[in-house]
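The values are calculated or read from the model by the stated rules, or taken from the named source; none is laboratory data. Only a predicted model underlies this, so the values are computations on that prediction, with no experimental measurement involved. Using ideal geometry, Cβ is built from the backbone for each residue, glycine included, and neighbour counts are taken over all protein chains shown. Remember, those area values only see protein heavy atoms, side chains included, never the ligands or the DNA or RNA. Shrake-Rupley method; radii C 1.70, N 1.55, O 1.52, S 1.80 Å.
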Amino acid sequence: MMRRWLLRLLCVCVVGAGSLPSVQAAERIVSLNLCTDQLALMLADRAQIAGLSPLVRDCSGSVLCQSAAIVPIIAPSAENVIAAQPDVVLAGQFTARVAVKAAREVGAQVLTLPPASSLADIPVQIMQVARAVGHPERGAALVAAFQKRLAEISLSRQQTDPVAAVYEANGFVAGPKSLPDDVLGHAGLRNLSTVAGITAVGRVPLETLLAHQPDLLIRDRSGQGYSLAQGMLDNPVLKHFFLNNHAVDVPASLWLCGLPQTLDAVAILRNVRDSLKQMQGIP
(Lines give C-alpha, C1' and ligand atoms only; values in the text may rest on other atoms or scores of the structure.)
Protein backbone atom coordinates (compact mmCIF):
# COMPACT_ATOMS: atom_id res chain seq x y z
CA MET A 1 0.00 0.00 0.00
CA MET A 2 2.67 2.52 1.00
CA ARG A 3 4.80 1.75 -2.07
CA ARG A 4 1.81 2.28 -4.34
CA TRP A 5 1.09 5.57 -2.56
CA LEU A 6 4.67 6.80 -2.91
CA LEU A 7 4.65 6.02 -6.60
CA ARG A 8 1.48 8.08 -6.97
CA LEU A 9 3.20 11.05 -5.36
CA LEU A 10 5.61 11.14 -8.30
CA CYS A 11 2.85 11.66 -10.85
CA VAL A 12 0.18 14.30 -10.32
CA CYS A 13 -3.03 13.49 -12.10
CA VAL A 14 -5.66 16.24 -12.17
CA VAL A 15 -9.03 15.44 -13.69
CA GLY A 16 -11.91 17.91 -13.76
CA ALA A 17 -15.65 17.34 -13.71
CA GLY A 18 -16.94 15.48 -16.72
CA SER A 19 -13.49 14.32 -17.87
CA LEU A 20 -12.66 11.52 -15.43
CA PRO A 21 -12.03 8.41 -17.56
CA SER A 22 -13.53 4.99 -16.91
CA VAL A 23 -11.27 3.17 -14.47
CA GLN A 24 -11.19 0.01 -12.44
CA ALA A 25 -12.95 0.16 -9.11
CA ALA A 26 -11.08 2.55 -6.84
CA GLU A 27 -9.62 1.07 -3.68
CA ARG A 28 -10.00 4.18 -1.50
CA ILE A 29 -12.61 6.90 -2.11
CA VAL A 30 -12.88 10.15 -0.17
CA SER A 31 -15.79 12.58 -0.57
CA LEU A 32 -15.64 16.15 0.71
CA ASN A 33 -19.14 17.34 -0.19
CA LEU A 34 -22.61 16.37 1.00
CA CYS A 35 -23.91 15.75 -2.50
CA THR A 36 -20.98 13.61 -3.63
CA ASP A 37 -21.13 11.83 -0.25
CA GLN A 38 -24.61 10.58 -1.03
CA LEU A 39 -23.83 9.61 -4.61
CA ALA A 40 -20.81 7.66 -3.36
CA LEU A 41 -23.02 5.83 -0.85
CA MET A 42 -25.38 4.78 -3.63
CA LEU A 43 -22.73 3.77 -6.16
CA ALA A 44 -19.61 2.51 -4.36
CA ASP A 45 -19.01 -0.56 -2.23
CA ARG A 46 -18.74 0.22 1.47
CA ALA A 47 -15.21 -1.23 1.48
CA GLN A 48 -14.16 1.35 -1.12
CA ILE A 49 -15.16 4.35 0.99
CA ALA A 50 -12.23 5.73 3.02
CA GLY A 51 -14.15 8.74 4.28
CA LEU A 52 -17.18 10.98 3.75
CA SER A 53 -17.83 14.46 5.07
CA PRO A 54 -19.53 14.86 8.49
CA LEU A 55 -22.57 16.46 6.84
CA VAL A 56 -23.69 13.13 5.43
CA ARG A 57 -24.79 12.03 8.93
CA ASP A 58 -26.91 15.15 9.49
CA CYS A 59 -30.47 14.07 8.74
CA SER A 60 -31.64 17.66 8.27
CA GLY A 61 -29.70 17.79 5.00
CA SER A 62 -28.89 14.19 4.11
CA VAL A 63 -31.47 11.68 2.90
CA LEU A 64 -28.93 8.89 3.47
CA CYS A 65 -27.91 9.89 6.99
CA GLN A 66 -28.76 6.50 8.45
CA SER A 67 -26.81 4.61 5.78
CA ALA A 68 -23.82 6.83 6.53
CA ALA A 69 -23.59 5.53 10.09
CA ILE A 70 -21.53 2.55 8.95
CA VAL A 71 -18.90 4.38 6.86
CA PRO A 72 -15.86 6.41 8.01
CA ILE A 73 -16.24 10.16 8.45
CA ILE A 74 -13.42 12.66 7.97
CA ALA A 75 -13.34 16.44 8.24
CA PRO A 76 -12.59 17.96 4.80
CA SER A 77 -9.06 19.22 5.54
CA ALA A 78 -5.86 18.81 3.53
CA GLU A 79 -4.22 16.85 6.34
CA ASN A 80 -7.10 14.38 6.58
CA VAL A 81 -7.24 13.86 2.83
CA ILE A 82 -3.52 13.12 2.62
CA ALA A 83 -3.70 10.74 5.59
CA ALA A 84 -6.60 8.83 3.97
CA GLN A 85 -4.44 7.97 0.95
CA PRO A 86 -7.33 8.09 -1.56
CA ASP A 87 -7.33 6.88 -5.15
CA VAL A 88 -10.34 9.08 -5.96
CA VAL A 89 -11.55 12.28 -4.31
CA LEU A 90 -15.07 13.58 -4.91
CA ALA A 91 -15.85 17.21 -4.13
CA GLY A 92 -18.15 20.13 -4.78
CA GLN A 93 -17.08 22.90 -7.10
CA PHE A 94 -17.05 25.55 -4.38
CA THR A 95 -16.16 23.66 -1.19
CA ALA A 96 -13.02 22.37 0.57
CA ARG A 97 -10.71 23.95 -1.98
CA VAL A 98 -7.56 23.53 0.10
CA ALA A 99 -8.33 19.84 0.62
CA VAL A 100 -9.03 19.41 -3.09
CA LYS A 101 -5.72 21.08 -3.95
CA ALA A 102 -3.92 18.71 -1.58
CA ALA A 103 -5.60 15.71 -3.19
CA ARG A 104 -4.44 16.82 -6.60
CA GLU A 105 -0.91 17.40 -5.41
CA VAL A 106 -0.58 13.86 -4.06
CA GLY A 107 -1.86 12.34 -7.29
CA ALA A 108 -5.43 11.35 -6.47
CA GLN A 109 -7.96 11.50 -9.26
CA VAL A 110 -10.28 14.40 -8.46
CA LEU A 111 -13.87 14.84 -9.61
CA THR A 112 -15.54 18.14 -8.73
CA LEU A 113 -19.25 18.61 -9.33
CA PRO A 114 -21.16 21.91 -9.52
CA PRO A 115 -24.47 22.19 -7.67
CA ALA A 116 -27.30 20.62 -9.66
CA SER A 117 -29.53 23.36 -11.05
CA SER A 118 -32.08 21.14 -12.77
CA LEU A 119 -33.36 17.58 -12.80
CA ALA A 120 -31.49 17.08 -16.08
CA ASP A 121 -28.20 17.48 -14.18
CA ILE A 122 -28.90 14.48 -11.95
CA PRO A 123 -28.36 11.63 -14.47
CA VAL A 124 -25.19 13.34 -15.71
CA GLN A 125 -23.72 13.58 -12.23
CA ILE A 126 -24.75 10.04 -11.33
CA MET A 127 -22.76 8.73 -14.29
CA GLN A 128 -19.76 10.94 -13.53
CA VAL A 129 -19.53 9.55 -10.00
CA ALA A 130 -20.29 6.00 -11.15
CA ARG A 131 -17.36 6.10 -13.58
CA ALA A 132 -15.12 7.69 -10.97
CA VAL A 133 -15.71 4.94 -8.42
CA GLY A 134 -15.50 2.23 -11.08
CA HIS A 135 -19.14 1.09 -11.23
CA PRO A 136 -20.66 2.57 -14.40
CA GLU A 137 -23.18 -0.28 -14.61
CA ARG A 138 -24.66 0.79 -11.26
CA GLY A 139 -24.88 4.35 -12.50
CA ALA A 140 -26.67 3.26 -15.66
CA ALA A 141 -29.22 1.28 -13.64
CA LEU A 142 -29.82 4.23 -11.30
CA VAL A 143 -30.22 6.62 -14.24
CA ALA A 144 -32.68 4.31 -15.99
CA ALA A 145 -34.83 4.08 -12.86
CA PHE A 146 -34.64 7.85 -12.38
CA GLN A 147 -35.70 8.62 -15.95
CA LYS A 148 -38.53 6.10 -15.85
CA ARG A 149 -39.98 7.56 -12.67
CA LEU A 150 -39.56 11.15 -13.89
CA ALA A 151 -41.46 10.33 -17.07
CA GLU A 152 -44.29 8.87 -14.98
CA ILE A 153 -44.78 11.85 -12.66
CA SER A 154 -43.60 14.90 -14.61
CA LEU A 155 -46.04 17.46 -16.01
CA SER A 156 -45.53 19.97 -18.81
CA ARG A 157 -45.55 23.63 -17.81
CA GLN A 158 -48.77 25.59 -18.27
CA GLN A 159 -49.55 29.28 -17.80
CA THR A 160 -52.50 28.28 -15.64
CA ASP A 161 -50.40 26.27 -13.17
CA PRO A 162 -50.83 27.28 -9.52
CA VAL A 163 -48.17 29.60 -8.09
CA ALA A 164 -46.02 28.22 -5.28
CA ALA A 165 -43.56 29.90 -2.93
CA VAL A 166 -40.68 27.91 -1.47
CA TYR A 167 -40.37 29.72 1.85
CA GLU A 168 -37.40 28.92 4.06
CA ALA A 169 -35.91 30.10 7.34
CA ASN A 170 -35.48 33.88 7.59
CA GLY A 171 -37.85 34.37 4.66
CA PHE A 172 -35.55 33.15 1.93
CA VAL A 173 -37.22 31.93 -1.27
CA ALA A 174 -36.00 29.64 -4.04
CA GLY A 175 -34.90 31.64 -7.05
CA PRO A 176 -35.31 30.93 -10.76
CA LYS A 177 -32.99 28.52 -12.59
CA SER A 178 -32.43 26.51 -9.43
CA LEU A 179 -33.12 22.87 -8.63
CA PRO A 180 -36.22 23.68 -6.51
CA ASP A 181 -37.47 25.90 -9.34
CA ASP A 182 -37.14 23.02 -11.81
CA VAL A 183 -38.82 20.63 -9.38
CA LEU A 184 -41.79 23.00 -9.18
CA GLY A 185 -42.07 23.09 -12.95
CA HIS A 186 -42.11 19.31 -13.27
CA ALA A 187 -44.74 19.13 -10.51
CA GLY A 188 -47.05 21.48 -12.44
CA LEU A 189 -46.37 24.59 -10.36
CA ARG A 190 -45.05 28.07 -11.13
CA ASN A 191 -42.36 29.54 -8.89
CA LEU A 192 -43.34 32.79 -7.16
CA SER A 193 -39.81 34.09 -7.76
CA THR A 194 -40.34 33.86 -11.52
CA VAL A 195 -43.87 35.26 -11.44
CA ALA A 196 -42.85 38.16 -9.18
CA GLY A 197 -39.62 38.89 -11.06
CA ILE A 198 -37.27 37.96 -8.22
CA THR A 199 -34.05 37.36 -10.14
CA ALA A 200 -31.97 35.69 -7.42
CA VAL A 201 -32.31 33.80 -4.18
CA GLY A 202 -33.02 36.35 -1.49
CA ARG A 203 -35.03 37.25 1.56
CA VAL A 204 -38.62 38.21 0.90
CA PRO A 205 -40.51 40.04 3.66
CA LEU A 206 -43.68 38.39 4.87
CA GLU A 207 -45.72 41.37 3.61
CA THR A 208 -44.36 40.90 0.08
CA LEU A 209 -45.14 37.20 0.15
CA LEU A 210 -48.74 37.82 1.19
CA ALA A 211 -49.18 40.62 -1.34
CA HIS A 212 -48.49 38.19 -4.19
CA GLN A 213 -50.98 35.65 -2.77
CA PRO A 214 -49.37 32.41 -4.01
CA ASP A 215 -51.62 29.37 -4.17
CA LEU A 216 -49.21 27.18 -2.23
CA LEU A 217 -46.70 27.75 0.55
CA ILE A 218 -43.86 25.21 0.61
CA ARG A 219 -42.03 25.15 3.94
CA ASP A 220 -38.74 23.58 4.99
CA ARG A 221 -38.89 22.62 8.66
CA SER A 222 -35.41 21.10 8.82
CA GLY A 223 -33.92 21.97 12.18
CA GLN A 224 -37.15 23.41 13.53
CA GLY A 225 -36.85 24.50 17.15
CA TYR A 226 -33.21 25.51 16.96
CA SER A 227 -33.64 29.11 15.83
CA LEU A 228 -36.01 32.04 15.57
CA ALA A 229 -35.40 31.95 11.81
CA GLN A 230 -37.12 28.54 11.63
CA GLY A 231 -39.82 29.62 14.06
CA MET A 232 -41.09 32.26 11.64
CA LEU A 233 -42.50 29.47 9.46
CA ASP A 234 -45.17 29.05 12.14
CA ASN A 235 -46.16 32.70 12.08
CA PRO A 236 -49.92 32.90 12.81
CA VAL A 237 -50.39 35.10 9.74
CA LEU A 238 -48.99 32.36 7.50
CA LYS A 239 -51.27 29.82 9.13
CA HIS A 240 -54.26 32.11 8.48
CA PHE A 241 -53.50 32.71 4.81
CA PHE A 242 -52.36 29.18 3.88
CA LEU A 243 -54.89 26.69 5.17
CA ASN A 244 -55.32 22.97 4.47
CA ASN A 245 -53.97 22.04 1.02
CA HIS A 246 -52.45 25.49 0.52
CA ALA A 247 -49.41 24.65 2.64
CA VAL A 248 -47.02 21.70 2.55
CA ASP A 249 -43.74 20.74 4.19
CA VAL A 250 -40.94 19.50 1.94
CA PRO A 251 -37.63 18.54 3.61
CA ALA A 252 -34.67 20.48 2.26
CA SER A 253 -32.75 17.20 2.06
CA LEU A 254 -34.81 16.20 -0.99
CA TRP A 255 -33.54 19.05 -3.15
CA LEU A 256 -30.47 20.36 -1.37
CA CYS A 257 -28.59 17.96 -3.65
CA GLY A 258 -29.53 16.55 -7.02
CA LEU A 259 -30.30 12.90 -6.23
CA PRO A 260 -32.77 10.22 -7.33
CA GLN A 261 -34.64 11.05 -4.09
CA THR A 262 -35.29 14.55 -5.45
CA LEU A 263 -38.14 12.95 -7.38
CA ASP A 264 -39.84 12.41 -4.01
CA ALA A 265 -40.19 16.20 -3.84
CA VAL A 266 -41.74 16.20 -7.32
CA ALA A 267 -44.21 13.51 -6.26
CA ILE A 268 -45.17 15.33 -3.04
CA LEU A 269 -45.78 18.59 -4.87
CA ARG A 270 -47.55 16.91 -7.78
CA ASN A 271 -50.09 15.43 -5.36
CA VAL A 272 -50.66 18.79 -3.67
CA ARG A 273 -50.98 20.50 -7.06
CA ASP A 274 -53.60 17.97 -8.17
CA SER A 275 -55.58 18.66 -4.99
CA LEU A 276 -55.45 22.39 -5.63
CA LYS A 277 -56.64 21.93 -9.18
CA GLN A 278 -59.58 19.83 -8.00
CA MET A 279 -60.51 22.47 -5.43
CA GLN A 280 -60.45 25.13 -8.16
CA GLY A 281 -62.38 22.95 -10.61
CA ILE A 282 -59.53 23.09 -13.14
CA PRO A 283 -58.44 19.88 -14.95
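The heavy atoms of MET279 offer some 110 square angstrom of accessible surface to a 1.4 angstrom probe. Amide H contacts of LEU189: none lie under 5 Å away among residues 5 or more positions distant or on a separate chain (H built 1.01 Å from N in the peptide plane; Pro and chain starts excluded). Between amide H atoms placed 1.01 Å from N, distances below 5 Å from SER31 occur with GLY51, LEU52, SER53, LEU90, all of them 5 or more places distant or on a separate chain.
Multiplying the residue separation of HIS212 and ALA141 by 0.36 nm and removing their Cα-Cα distance gives an extension gain of 21.3 nm.
Spin-label pair SER118-HIS240: with each label point 7 Å from Cα along the Cα-Cβ axis, the two points sit 4.1 nm from one another. What is the local net charge at PHE241, summed over the other residues whose Cβ is closer than 12 Å to its Cβ (Lys, Arg +1; Asp, Glu -1)? Summing Lys/Arg as +1 and Asp/Glu as -1 gives -1.
Around THR262, with a cut-off of 11 angstrom between Cβ atoms, what is the net charge of the other residues, counting Lys and Arg +1 and Asp and Glu -1? Local net charge: -2. The gain in end-to-end length when the ILE70 to ALA267 segment is fully stretched comes to 68.0 nm, 0.36 nm per residue minus the alpha carbon separation. Summing charges over all other residues whose Cβ lies under 15 Å from the Cβ of LEU34, with Lys and Arg as +1 and Asp and Glu as -1, gives -1. Ligands, DNA and RNA aside, ASP249 has an accessible area near 70 Å² when probed at 1.4 Å.
For PHE172, the residues whose modelled amide H falls within less than 5 Å of its own, excluding neighbours fewer than 5 places apart on the same chain, are VAL204. Could you tell me which of rounded, prolate or oblate describes the range 83-181, using a ≥ b ≥ c as the square roots of the eigenvalues of the alpha-carbon gyration tensor, with rounded for a/c under 1.5 and, failing that, prolate when a/b is larger than b/c and oblate otherwise? Because a/c hits 1.5 or more and a/b fails to exceed b/c, the range 83-181 counts as oblate.
Our coupling estimate for the range 262-274, obtained by passing each phi through the Karplus curve with A = 6.51, B = -1.76, C = 1.60 and θ = phi - 60°, is 4, 5, 4, 5, 4, 5, 4, 6, 4, 5, 5, 4, 4 Hz, Gly and Pro reported as x. Cross-link partners for LYS239 among the lysines, with Cα-Cα distance under 22 Å and sequence neighbours closer than 8 places in the same chain left out: LYS277. Comparing Cα centroids, the range 234-250 and the range 76-149 end up 38 angstrom apart. When CYS59, CYS35 are compared by accessible area of protein heavy atoms, the largest-first order is CYS59, CYS35, using a 1.4 Å probe.
Derived scalar couplings between HN and Hα for the range 98-113 equal 5, 5, 5, 4, 5, 4, 5, 5, 9, x, 6, 6, 10, 10, 10, 10 Hz in order, rounded to whole Hz, by the Karplus curve 6.51 cos²θ - 1.76 cosθ + 1.60 (θ = phi - 60°), x for Gly and Pro. The loop-placed trypsin sites (Lys or Arg not before Pro) in the range 154-212, going by DSSP, that have at most 16 neighbouring Cβ atoms within 10 Å of their Cβ come out as ARG157, LYS177.
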